[in-house]
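Participant: Below are the structure tokens for one structure; questions will follow.
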Amino acid sequence: MSKQVNLTINGKQVTVPEGTLVADAAHVAGIDIPVFCHHPKLEPVGMCRMCLVEIGRPMIDRNTGQVMMENGQPKIQFLPKLETACTNRVSEGMVVLTQTEKAREGQRSTVEFLLTSHPLDCPVCDKGGECPLQNLTMGYGPGKSRFIYDEKLHLAKHYPLGDLIVLDRERCIQCARCIRFQDEIAGESVLAFDERGRSTQIITVSEPGFDSVFSGNTTDICPVGALTTVDFRFQARPWELEEQASICTQCPVGCNTTLNTRRDAKSGGNVIIKRVMPRQNEEVNEIWLCDKGRFAYEYAESKNRLTKPQVRKEDKLVRASWDAAIKTAAENFVAAKKDFVILASGRLANEDLFNLKSLAEHSGGQTIFYTDMGGGDLTLQVGVGAGTNLGMMGEGDAILVVASDLYEEAPLWYLRVKRAADRGATVIVANPRATKLDRFAKYTVRYAYGDEVKTVNDFGKKGKISDEFIKARNAIVFFGSEGLGLNGTTAVASACANLLKDTNHIGRANNGLIGVWQRANDQGAWEVGLQPEEDLAKALKGKAVYIVGADPVGDDPKLAKALEGAQFVAVQDVLETATTEIADVVLPAQAFSEREGTFTSGERRVQRFYRAVPPEGDSKADFAITSLIARQMGIILEGSSPAVVFDILASSIEAFTDLTYARLAEVKPQWPDVGRKDLYYGGATYENKHGLGVQLVPAAQVGGTVRIPKVKQEAVLRPKEKELLAVPVNKLYDRGVTVSPAEILGGRIGVPTISLHPDAAERLGLEAGQQVKISFDGVSGDAVVKIDETISAGVALVPRSMGIAIKEPVPAKVK
């Protein structure tokens with residue numbers, strides 16, 4: 001516990017930790033001190049002068065060093081001038097006055113000055129209704145200005161800082177919150193001030209403009225209407241919007257969000273999502289979102305939505321009733337007997353996965369987890385302990401990131417690991433190529449693709465880097481799928497688990513293993529008991545296959561061929577895909593925004609999401625569809641309530657024991673205390689009223705047996721002379737079915753690419769930007785060449801989910 005300091009603010013006794021800023025201390029005490037530039041997540045700068053107050057301090061006798069007393073009370077001395085509450089830290093016996101005429105006059109003058117060139121366009125400003133400047137002008141402003149209207153500056157009203165953020169230069173008050181967020185929090189200094197005095201303006205200093213995956217956060221903390229997102233600009237007024245708590249479905253972090261919805265004329269009067277906002281959870285995403293999570297929500301309203309069941313008749317899919325579609329699917333599954341296979345992905349909620357697993361168990365079929373990444377059975381044993389919070393890690397702690405580019409795969413984990421490094425944590429990045437996290441890591445370790453296990457094993461041996469990891473008070477390991485397939489990631493996970501076990505970094509909070517999974521609820525699939533299949537094509541061929549939340553035909557030509565030889569194929573999904581096109585039965589599922597359920601994050605935190613919009617057409621929740629099929633097969637599964645399904649799940653899986661929807665919905669006080677009741681202080685992020693979730697306890701933390709399999713050392717593929725080794729890597733903005741419908745992300749998704757070392761490109765006679773054809777293992781595709789000096793001359797990096805099917809390293813030809 002840090003030392004506590006006692007002070008008085010407006011006559012109220014306040015006790016806060018040493019080092020607290022006066023503005024924050026007042027907020028804790030429920031006393032308003034108006035601010036514009038100050039934000040509790042940013043370093044103090046004292047730029048706007050809105051928080052001017054009178055501050056008195058006990059007088060100290062220079063001879064004795066003791067506090068001088070007067071009438072039995074400490075003698076307080078005030079400076080002749082007002083001081084900024086956002087830059088002064090509390091001290092014992094301090095007296096702060098925020099409501100004196102002197103302080104009020106300082107605040108009035110600041111508002112008047114800020115409005116000298118601010119446009120009077122509140123009625124058409126997107127910030128109207130949630131604008132700190134508007135609110136503080138009403139509360140602290142002078143009512144009228146002494147400045148001449150004709151002397152107002154007129155600047156650009158629609159200046160694109162990047163492809164997602166628009167700047168209104170007339171509205172900017174130069175608080176620098178956006179610049180400081182990018183510098184301090186994101187670690188990407190892509191914004192800056194230009195010019196001086198009244199001509200000071202915000203500019204982007206990156207190419208392309210505002211080149212950051214965290215750009216949307218600047219609009220949340222902007223205290224005026226200067227920064228707006230292209231998806232929300234002039235689309236709705238804040239007071240027209242409804243709000244509902246949800247969870248981001250784009251990666252395994254599990255960011256807490258709020259979906260703002262409204263009935264929309266352009267959508268035929270339907271209630272749709274107008275924007276995605278952060279919802280505070282200091283143990284997950286704090287108050288931030290990445291741009292993928294913020295903007296990739298449009299797929300739920302895509303023209304390719306499945307809204308009616310379909311059955312194949314005379315080689316064509318035609319609309320059918322639910323009864324007819326369910327009956328056709330069930331009859332074929334029953335007829336298949338042991339040749340009944342369920343293929344499900346981590347796009348599904350825990351309730352959906354549990355019902356699918358139950359259906360397979362009761363029918364004698366098999367459930368297969370659709371993933372290229374293994375190791376999840378180890379996170380159940382040595383995953384991070386309950387109570388883990390990356391925000392508490394700092395000096396004396398260690399974080400190892402292996403085979404993962406967190407910036408591209410899980411941006412909020414990148415941000416939080418970067419912040420842990422800022423606090424003094426030892427961050428070690430082990431990867432074959434450069435990543436954005438390298439700049440904040442204390443150590444970077446380069447290895448050749450294929451040497452992942454050897455590299456991890458070396459961390460358990462004596463050496464400078466190893467010693468810091470071994471001696472760390474707490475240690476967490478993130479493992480990913482950079483350059484690895486199913487077998488490779490399984491081996492790396494085993495090596496990482498052994499490292500943690502051997503160094504005694506398991507079984508407690510802030511210690512353990514985290515998988516950087518490719519989908520939001522991959523961890524949930526492991527928890528429920530789903531397992532991947534090494535030879536998936538063989539497992540599907542000749543079977544009756546029930547595919548849920550996956551597009552194997554679109555992902556892999558080999559799987560497409562295998563399904564051509566299937567007895568029967570039923571596909572259950574939200575959107576039309578290449579797999580629905582070959583299906584015998586198509587079942588329309590609801591999007592996450594149209595139903596309730598739970599996800600389990602990579603940190604094993606179970607969290608609830610809630611229904612925000614009505615379902616499209618006749619779609620149903622996945623768990624409910626599975627229940628209907630089961631009933632037709634003579635099996636009873638719960639299908640009416642996700643809460644009841646979760647209760648059954650919790651009684652069946654030990655790790656979920658005692659969890660209920662009510663418990664997942666519990667909240668507790670968080671710091672900083674932000675919410676829309678004080679927009680000027682914390683920004684437009686939403687207070688968390690619907691649940692912080694519950695972290696599952698790994699076997700190691702409850703004293704269970706930990707069995708880590710021996711690492712299978714397979715033959716390592718190496719590029720041969722005059723040959724390239726195609727290596728799979730992950731890209732944040734890809735062509736996945738939930739991302740590609742977001743038109744505003746089209747520029748960031750781009751075209752398929754391959755990355756080559758300059759020497760490899762020269763040897764092949766290729767240049768950056770040139771279109772080539774890459775082929776390997778029966779797969780070929782067109783791609784644009786990118787040059788990367790940080791990679792080996794013998795490899796070609798091929799992003800996953802960009803139209804070129806690659807799951808693991810494979811020899812390739814480029815021409």
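The values are calculated or read from the model by the stated rules, or taken from the named source; none is laboratory data. Quantities reported herein were computed from a predicted structural model and do not represent experimental measurements. We place every Cβ from the backbone using ideal geometry, glycine too, and count neighbours over all the protein chains shown. Surface areas here come from the heavy atoms of the whole protein model, side chains and all, with no ligands, DNA or RNA. Shrake-Rupley method; radii C 1.70, N 1.55, O 1.52, S 1.80 Å.
Participant: Name the lysines eligible as straight-distance cross-link partners of Lys81: C-alpha to C-alpha under 24 Å, and not fewer than 8 places from it in the same chain.
Facilitator: Cα-Cα hits under 24 Å: Lys12, Lys102.
Participant: Rounded to the nearest 20 Debye, what is the dipole magnitude of region 1-103 about its Cα centre when Lys and Arg each give +1 and Asp and Glu each give -1 at the C-beta?
Facilitator: For this selection, approximately 100 debye.
Participant: Note down the net charge around Gln670, summing +1 for each Lys or Arg and -1 for each Asp or Glu among other residues with Cβ under 13 Å from its Cβ.
Facilitator: Result for the local shell: -2.
Participant: Pairs Lys274/Lys418; Lys722/Lys786; Lys292/Lys436; Lys327/Lys620: which exceed 24 Å Cα-Cα?
Facilitator: Distance filter (> 24 Å) returns Lys274/Lys418.
Participant: Sticking with this structure for a sec: Can you compute log10 of I(q)/I(0) for region 167-213 with the Debye formula, treating each Cα as one identical point scatterer, at q = 0.13, 0.26, 0.32 Å⁻¹?
Facilitator: -0.28, -1.00, -1.25
Participant: Another question, if that's okay. Can you pull the percent of Cα pairs in region 610-670 with separation above 13 Å?
Facilitator: I get 71 percent for the Cα pairs in region 610-670 exceeding 13 Å.
Participant: A further question on this structure: Between beta-carbons, use under 13 Å as the cut-off and find the net charge around Gln567, counting Lys and Arg +1, Asp and Glu -1.
Facilitator: Neighbour charge sum, excluding Gln567 itself: 0.
Participant: Tell me, what does the Kirkwood hydrodynamic radius of region 135-213 come to in angstroms if you use every pair of distinct C-alpha atoms?
Facilitator: 14.4 Å is the Kirkwood radius here.
Participant: If I model a spin label as a point 7 Å beyond the Cα along the Cα-Cβ vector, how far apart are those points for Asp535 and Lys561 in nm?
Facilitator: 1.4
Participant: So how exposed is Asp422, as accessible area in Å² (1.4 Å probe, rounded to 10)?
Facilitator: Surface open to solvent at Asp422 totals about 80 Å².
Participant: Shifting gears a bit: Rolling a 1.4 Å sphere over the protein heavy atoms, what is the accessible area per residue of the chain, to the nearest Å²?
Facilitator: 40
Participant: What does the charge add up to near Asp782, with Lys and Arg as +1, Asp and Glu as -1, over the other residues with Cβ less than 13 Å from its Cβ?
Facilitator: +2
Participant: Between rounded, prolate and oblate, where does region 301-352 land on the alpha carbon gyration tensor, with a ≥ b ≥ c its root eigenvalues, rounded for a/c under 1.5, else prolate if a/b exceeds b/c?
Facilitator: Oblate is the answer for region 301-352, as a/c is 1.5 or above yet b/c matches or exceeds a/b.
Participant: Before rounding to the nearest 500, sum -39500 (n - 2.57) across all DSSP H runs of length at least 4 in the chain and divide by the residue total; then give [θ] at 222 nm in deg cm²/dmol.
Facilitator: The per-residue figure over the chain is -6500 deg cm²/dmol.
Participant: Using a 10 angstrom Cβ neighbour count of at most 14 plus a DSSP loop assignment to flag exposed GluC sites (Glu not before Pro), which longest range of the chain is free of such sites?
Facilitator: Answer - 396-533.
Participant: Taking only the alpha carbons of region 685-801, what extent do you get along each of the three principal axes, in Å, biggest first?
Facilitator: Computed over the Cα atoms, the extents are 58, 45, 28 Å.
Participant: For region 663-752, what relative contact order do you get, as a whole percent, if you take Cα pairs closer than 8 Å and at least 6 residues apart?
Facilitator: It comes to 17 percent, rounded to a whole number.
Participant: Sticking with this structure for a sec: List the relative contact order of region 761-812 as a percent without decimals, with contacts defined as Cα pairs under 8 Å and 6+ residues apart.
Facilitator: 33
Participant: Where does region 326-415 land on Rg/Rh, using Cα atoms and the Kirkwood Rh?
Facilitator: 1.14
Participant: Need one word for region 269-406: rounded, prolate or oblate. Basis is the Cα gyration tensor (sqrt eigenvalues a ≥ b ≥ c); a/c below 1.5 gives rounded, then a/b vs b/c decides.
Facilitator: Oblate, since a/c reaches 1.5 and b/c is not below a/b.
Participant: To continue, here is another question. Kirkwood Rh and Cα-based Rg: tell me the resulting Rg over Rh for region 371-433, rounded to two decimals.
Facilitator: 0.98
Participant: Taking the convex hull of the alpha carbon atoms in region 487-559, what volume per residue do you get, in Å³?
Facilitator: 124
Participant: Moving to a separate point now. Ignoring chymotrypsin sites (Phe, Trp or Tyr not before Pro) that are buried or in helix or strand per DSSP, and keeping those with at most 13 other beta carbon atoms within 10 Å, what is the longest stretch of the chain between them?
Facilitator: 235-815
Participant: Also: For the chain, what number results from the quotient of the Cα radius of gyration and 2.2 N^0.38 Å?
Facilitator: 1.01
Participant: Using only Cα atoms, locate the centre of region 238-265 and the centre of region 161-221, then give the distance between them in Å, rounded to an integer.
Facilitator: Using only Cα atoms to place each centre, the spacing works out to 24 Å.
Participant: Let me ask you something else. Hey, got a sec? Which trypsin sites (Lys or Arg not before Pro) in region 172-262 land in a DSSP loop and have at most 12 other Cβ atoms within 10 Å?
Facilitator: Arg196
Participant: Here's something else I'd like to know. Toward the positive end of the charge dipole of region 639-724, about the Cα centre and with charges on Cβ (Lys, Arg +1; Asp, Glu -1), which of Gln670, Gly703, Tyr681 goes farthest?
Facilitator: Projecting each Cα onto the dipole axis, the largest value belongs to Gly703.
Participant: Another question about this same structure. Separation of region 769-783 and region 705-741 by C-alpha centroid, Å?
Facilitator: 18
Participant: Pull up the cross-link candidates among the lysines for Lys338, meaning alpha carbon to alpha carbon under 16 Å and not fewer than 8 places away within one chain.
Facilitator: Excluding near neighbours in sequence, the set is Lys357, Lys538, Lys541, Lys543.
Participant: Cα atoms only, region 539-644: Rg and Dmax in Å?
Facilitator: Final numbers for Rg and Dmax: 15.3, 40 Å.
Participant: Under 1.5 on a/c is rounded, so check that first for region 373-484, then, if it is not, pick prolate when a/b is larger than b/c and oblate when it is not; a ≥ b ≥ c are the square roots of the alpha carbon gyration tensor eigenvalues.
Facilitator: Taking the square roots of the gyration eigenvalues as a ≥ b ≥ c, region 373-484 is rounded.
Participant: Using only the Cα atoms of region 440-582, what do you get for the radius of gyration and for Dmax, in Å?
Facilitator: Taking only Cα atoms of region 440-582, I get Rg and Dmax of 19.6, 58 Å.
Participant: Ratio of region 680-750's C-alpha Rg to 2.2 N^0.38 Å, to two decimals?
Facilitator: 2.05
Participant: Mean projection of the alpha-carbon convex hull of region 1-124 over all orientations, in nm²?
Facilitator: If you wrap the Cα atoms of region 1-124 in a convex hull and average its projections, you get 10.2 nm².
Participant: Below 8 Å between Cα atoms, with a sequence gap of 6+, how large is the relative contact order for the chain in percent?
Facilitator: About 13 percent, as a whole number.
Participant: Still on this structure, please answer the following. In whole percent, and with a 1.4 Å probe on the protein chains, what portion of the accessible area of the chain is carbon and sulfur?
Facilitator: Taking all protein chains in place, the chain shows 49 percent carbon and sulfur surface.
Participant: In debye to the nearest 20, how big a dipole does region 277-387 give about its Cα centre with +1 on each Lys and Arg Cβ and -1 on each Asp and Glu Cβ?
Facilitator: 640
Participant: I would also like to ask the following. Is there a quick way to get the dipole size of region 492-547? I mean about its Cα centre, with the Cβ of Lys and Arg at +1 and of Asp and Glu at -1; what is the value in debye to the nearest 20?
Facilitator: 80
Participant: Quick one, can you get me the convex hull of the C-alpha atoms of region 642-728 expressed as volume per residue in Å³?
Facilitator: Here the figure is 267 Å³ per residue.
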